[in-house]
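Report on the following structure.
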Amino acid sequence: MKKHIWVIAEKRKGTLHSSTYELLGKARELAFKIPDTLVTCVTLMNRSLTPEERKRLSEQGSDVILNIVHKKFKRFDYLSYLETLNNIAERFSPEIILAPATTTGRTIMPALAASLRTGLTADCTGLDIDKDGRLLQTRPAIGGNIMATIKTPKHKPQMATVRPKTFTPLAEKYSETGIYHEIIPLINTSSKTKLVEFQEISAEQKSIQDAEIVISGGKGIRKPENLELLKKLAGLLNGTVGASRPLVDSKWIGHENQVGLSGHTVKPKVYIAAGISGAVQHVAGMQTSEVIIAINKDINAPIFDYSDIGLVGDAVEILETLYNALTSLKEEIPDVRNSQRTV
């Protein structure tokens, strides 16, 4: 009998989010270690998936796509999500259920675990399979000072949420023709909750995990006013601003900008760490960036052990020099998009 690893898809504004494909890639890797195991992507939508969406889910690792369709799923409906996921999990009995550690995942997965009478490891930074085929769930513990590996040996399904940007989507296509099932659930839950208001966060806040360039500041930028320099530089580079925990704890910037174990995990093309010493809690949230540029006046700062480019000096002075140089360079280069070509 086939076993199943489920990935609960994350959606934003009705479309599938990149964290879905990241988890599918990891689920595919886990499935190779358990004989006769299929990867199932579970989507809760208010519509059918398009052929393009089905194809991409298959290419990114899905053997089966289970699309649960109901008008209540146009937006997140807590009780409807919970009832639906509980019913189909009891019906199909997956071995493992994974979900992104987003607002949706962090809200619904603990309740689902309680409903299914099993355990849940939240905010995982690593997943593997042991010699007995059980899920190894690794996450920071004791304030990020140790990494704990957790098992759920006596209950099924084994459940975990994973921070976006922790894993990477498959580099090569898995398949183009996954099995597609569509289910219309019978939802009996009465409306005990009412959506009062939906407030969408600003583009700056929600872009930190999706930005290709992140410029993060630490205690080395000395005062909150110097964050404006980071914002100007980020604007010039079409990036966004991040921060280490001390800046957030000091109320210089919001938690939505925090990078690290107690903040967000980011994976941009370029990560600039300005005035950040490189504590393990921060490094865990950015060490998979493609290029890491560290700026610190302490030549022995741990951050240099993880950087591709290291600049020793005052972070604010170096950022000012970089900003001025890039501004001058931008003024010298003509705007090709607005220029007209004469033939």
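The values are calculated or read from the model by the stated rules, or taken from the named source; none is laboratory data. No experiment lies behind these values; they were computed from the predicted model shown. Using ideal geometry, Cβ is built from the backbone for each residue, glycine included, and neighbour counts are taken over all protein chains shown.
How many residues does segment 28-44 contain that are more than 23 Å from G14 (Cα to Cα) and within 19 Å of the chain's Cα centre (by Cα)? Before the answer, list the steps.
First, the residues of segment 28-44 that are more than 23 Å from G14 (Cα to Cα): 28-38.
Keeping just the survivors that are within 19 Å of the chain's Cα centre (by Cα) gives 28-30.
Of the residues in that region, 3 qualify.
Return the only residue of A274, A203 being at pLDDT below 95, small (G, A, S) and out of contact with any Pro (no Cβ under 8 Å at 6 or more places or on another chain). Talk me through it step by step, then tell me what you get.
Working: A274 fails: at pLDDT below 95.
One residue alone meets the criteria, A203.
Out of the residues in segment 77-127 that are in contact with a Phe, Trp or Tyr (Cβ under 6 Å, 6 or more places away or on another chain) and outside any helix (DSSP H, G or I), state the one that is surrounded by the most Cβ atoms within 10 Å (Cβ to Cβ).
Looking at the filtered set, the residue picked out is I97.
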Inset, instruction - Report the residue count in segment 222-269 for those that are farther than 12 Å from I208 by Cα and outside any loop (DSSP other than H, G, I, E, B). - result: 17
Inset, instruction - Go through segment 127-146 and give me each residue that's without any contact (Cβ under 8 Å) to a residue 24 or more places away in the chain and closer than 26 Å to D210 by Cβ. - result: Q137, T138, R139
Inset, instruction - Find all pairs meeting these conditions: Cβ atoms under 6 angstrom apart; at least six residues apart or on different chains; first residue within segment 87-114 and without any contact (Cβ under 8 Å) to a residue 24 or more places away in the chain; second residue not in a helix (DSSP H, G or I). - result: P110/L120
Legend entry - Candidate set from segment 3-41 (those that are of a type in the set (D, E) and closer than 19 Å to I208 by Cβ); member that is surrounded by the fewest Cβ atoms within 10 Å (Cβ to Cβ): E10
